[in-house]
């Protein structure tokens, strides 16, 4: 785990390494074809020499506007929109902000990503959680211009040829969904394409992925959402979802096609319903360089927060093995958190066969506490079903309610990934006040905001000022008595998945191992200083996301090297990667981050 004192890096150094003046870019277009291509278009920023050689003279107003002036003009428009929408409903304001950013994205990608990078704290909630959920729900009406690729059940047998319809010769990062479990909103079918698009925007902004080398993908296998099937604006297949071998054959064909064309690409699975999330992860993780963000990314961020909670109690990190943790939500994210937390306990105990690692976890679903008496337990939840013997709490039973569990267990941490807004009600939070921890931690991690298990206001009101709060979606901090602040930490996956993907890509890893994921979580946990921890701050500011991603990416590279999984990528082979110091690894990661600057354009027939 790296400390800031050991590697004194700052955002200025990262920008210096990632924003070197680009060389000329060869284009095979002229005239209006360039103006209609968001990758090459500079709007009124084309200098006169480029206007001449690219056939643009007369197609633009005569005045040349600098990049900085274009930037300021857009920001003025955005601020004007904010002013003019005051008093409107939150959903109306959010969609208006998304539209103005989306129009810029459709017109001028370089300017769009520069605006996004420089204002990531303000714009991430618009292009990502929580507004992306609203966008997906209304995607049929919002659709204006296609983005990404769509592989449907009707394309079976054609995907190997279809993959070559994508214009980029190189793709480094693919985010794919089947739309079956979009955030906490359920089955949104083809409208779930908004999730891969938003995730890849974060990859570009946070990890410096080249936007010409990313690909959002929708696997449309139908939908079981009757409302969508009856919606005239729905753009997907009007049929029930495929199941069983029929479903897997579609995903298999896509994965084979993608890796046949781009064998070095990293694939991130996103928002698959639980049964297919675990099935596809186990099916592909040894064959391809892929991971599931809902299972593994969420788990890594949660683990970093759990480590921070131990530190906030003034205890050494090794005491994590003594933490009592209640998890509400037995879906892919909840089980993923438990699996990674259990592995962390095993690593600390130094005994991979230890059965005691499960005794500190209690798992609940919609039917209450899961015990070994439960019939038809999902196989993924079986290791965490409570039974009898050491670590059991007297009086708890199969199906015990959340309130019963909290009162009897007195957990150090209550973690929600249930998708049920407000489930951590006043009674539950007041019961958490009797926790065995002086600083009870409440993680309300379900997205979007309306699905959060509770709000920070309720936590600090009912649990007390010493409580620690974290959520998946952004909330405002809470002003407490005596000028004290109750911090609304955001346990957002964007702290980890960009670094995981970038580190895997730059190392040329054959697969993404548990140790690589653990290294990412440990790196994030180490980022926060003791002073911040004492205040109740568990996660850094989103504003420093490129700095965080640089360190997380470097930790993933070094973990891949340690496990012998690297094959090298680009200008670094596996031997050179193995010989790099920590600082050199960070420089390597930062140097490979794309930064939005207008490239000189040269036409070639």
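The values are calculated or read from the model by the stated rules, or taken from the named source; none is laboratory data. Since the structure is predicted, the reported quantities are computational estimates derived from the model, not experimental observations. Reconstructed Cβ throughout: ideal geometry from the backbone, glycine too, with neighbour counts over all protein chains shown.
With the requirement that a residue be touching a strand residue (DSSP E or B) at 6+ places or on another chain (Cβ under 8 Å) and surrounded by fewer than 19 Cβ atoms within 10 Å (Cβ to Cβ), what does region 358-374 give you? If the condition is that a residue be touching a strand residue (DSSP E or B) at 6+ places or on another chain (Cβ under 8 Å) and surrounded by fewer than 19 Cβ atoms within 10 Å (Cβ to Cβ), then 372 is the only one that fits. Looking across region 466-483 at every residue that is farther than 17 Å from residue 439 by Cβ and in contact (Cβ under 8 Å) with a residue 60 or more places away in the chain, the one that is surrounded by the most Cβ atoms within 10 Å (Cβ to Cβ) is identified as 472. Cβ separations smaller than 9 Å between residues 6+ apart or across chains give the following pairs from region 546-575 residues that are free of Cβ contacts under 8 Å to residues at least 12 places away in the same chain to residues that are in a loop (DSSP other than H, G, I, E, B): 571/592; 573/508; 573/566; 573/567; 575/568. Tally the residues that are closer than 24 Å to residue 535 by Cα and either within 21 Å of the chain's Cα centre (by Cα) or assigned to a helix (DSSP H, G or I) (or both), restricting the search to region 308-340. The total comes to 11. For region 479-490, filtering for residues that are more than 16 Å from residue 534 (Cα to Cα) and within 25 Å of the chain's Cα centre (by Cα) leaves 1. Taken over region 44-87, the residue count meeting the criterion of being surrounded by 12 or more Cβ atoms within 10 Å (Cβ to Cβ) and in a loop (DSSP other than H, G, I, E, B) is 12.
Considering every residue within region 543-561, establish whether at least one is outside any helix (DSSP H, G or I), outside the structural domain of residue 478 (by TED's automatic domain parsing) and on the phi < 0 side of the Ramachandran plot.
If we filter region 543-561 for residues that are outside any helix (DSSP H, G or I), which is where we start, we get none.
No.
Just a yes or no: is a residue in region 386-393 surrounded by fewer than 24 Cβ atoms within 10 Å (Cβ to Cβ), outside the structural domain of residue 91 (by TED's automatic domain parsing), in a loop (DSSP other than H, G, I, E, B) and at pLDDT 90 or above? Taking every residue of region 386-393 in turn, none turns out to be surrounded by fewer than 24 Cβ atoms within 10 Å (Cβ to Cβ), outside the structural domain of residue 91 (by TED's automatic domain parsing), in a loop (DSSP other than H, G, I, E, B) and at pLDDT 90 or above.
Among all positions in region 116-139, there is no residue which is crowded, with 21+ Cβ neighbours inside 10 Å, in a helix (DSSP H, G or I) and touching a strand residue (DSSP E or B) at 6+ places or on another chain (Cβ under 9 Å).
Scan region 534-541 and give yes if some residue there is buried (at least 24 other Cβ atoms within 10 Å of the Cβ) and assigned to a helix (DSSP H, G or I), otherwise no. Step through it out loud before you land on a result.
Step one: filter region 534-541 for residues buried (at least 24 other Cβ atoms within 10 Å of the Cβ), giving 536, 538.
So of that shortlist, the ones also assigned to a helix (DSSP H, G or I) come out as none.
No.
Being modelled with pLDDT of 95 or more, surrounded by 13 or more Cβ atoms within 10 Å (Cβ to Cβ), on the phi < 0 side of the Ramachandran plot and touching a helix residue (DSSP H, G or I) at 6+ places or on another chain (Cβ under 8 Å): is that true of residue 11 here? Walk me through how you get there before you give the answer.
Details: modelled with pLDDT of 95 or more: no; surrounded by 13 or more Cβ atoms within 10 Å (Cβ to Cβ): yes; on the phi < 0 side of the Ramachandran plot: yes; touching a helix residue (DSSP H, G or I) at 6+ places or on another chain (Cβ under 8 Å): yes.
No; evaluated as a whole, the condition is false for this residue.
Those residues that are part of a helix (DSSP H, G or I) and surrounded by fewer than 24 Cβ atoms within 10 Å (Cβ to Cβ), I need them from region 205-227; list them, please. Before the answer, list the steps.
Taking region 205-227 and keeping what is part of a helix (DSSP H, G or I), we get 205-207, 211-213, 226-227.
Result: 211, 212, 213, 226, 227.
Applying the criterion of being farther than 17 Å from residue 307 by Cα and touching a helix residue (DSSP H, G or I) at 6+ places or on another chain (Cβ under 7 Å) to the residues of region 407-419, the residue that is surrounded by the fewest Cβ atoms within 10 Å (Cβ to Cβ) is 407. Under the condition of being in contact with a helix residue (DSSP H, G or I) (Cβ under 7 Å, 6 or more places away or on another chain) and part of a loop (DSSP other than H, G, I, E, B), which residue from region 448-464 is surrounded by the fewest Cβ atoms within 10 Å (Cβ to Cβ)? The extreme case among them is 448. Taking (1) more than 30 Å from residue 316 (Cβ to Cβ); (2) surrounded by fewer than 22 Cβ atoms within 10 Å (Cβ to Cβ) in turn, residue 563 satisfies each apart from (1). Flag not set for residue 317, criterion: more than 19 Å from residue 414 (Cβ to Cβ), surrounded by fewer than 20 Cβ atoms within 10 Å (Cβ to Cβ) and not assigned by TED's automatic domain parsing to the domain that holds residue 347. Just one of the numbered conditions (1) within 24 Å of the chain's Cα centre (by Cα); (2) surrounded by 18 or more Cβ atoms within 10 Å (Cβ to Cβ); (3) under 22 Å from residue 214 (Cβ atoms) is not true of residue 108: (1). Examine region 271-279 for a residue that is assigned to a strand (DSSP E or B), in contact (Cβ under 8 Å) with a residue 24 or more places away in the chain and within 30 Å of residue 253 (Cβ to Cβ), and state whether such a residue exists. Scanning region 271-279 turns up no residue that is assigned to a strand (DSSP E or B), in contact (Cβ under 8 Å) with a residue 24 or more places away in the chain and within 30 Å of residue 253 (Cβ to Cβ). Screening 457, 532 for residues that are over 23 Å from the mean Cα position of the chain (by Cα), without any contact (Cβ under 8 Å) to a residue 24 or more places away in the chain and under 30 Å from residue 592 (Cβ atoms) leaves exactly one candidate, 532. A residue that is closer than 22 Å to residue 538 by Cα and not in a loop (DSSP other than H, G, I, E, B) can be found somewhere in region 415-425. Which one of the conditions (1) within 24 Å of residue 349 (Cβ to Cβ); (2) over 28 Å from the mean Cα position of the chain (by Cα) does residue 383 fail to meet, given that it meets all the rest? It fails just one condition, (2). Scanning region 384-406 for residues that are in contact with a helix residue (DSSP H, G or I) (Cβ under 8 Å, 6 or more places away or on another chain) and over 18 Å from residue 365 (Cα atoms) yields 390, 391, 393, 394, 395. The combined condition, being within 25 Å of residue 503 (Cβ to Cβ) and either at pLDDT below 95 or part of a strand (DSSP E or B) (or both), is not fulfilled by residue 282.
Pick from 165, 232: which is touching a helix residue (DSSP H, G or I) at 6+ places or on another chain (Cβ under 9 Å) and surrounded by fewer than 15 Cβ atoms within 10 Å (Cβ to Cβ)? Only one candidate qualifies: 232. For region 234-290, a residue qualifies if it is under 24 Å from the mean Cα position of the chain (by Cα) and at positive phi, and exactly one does: 271.
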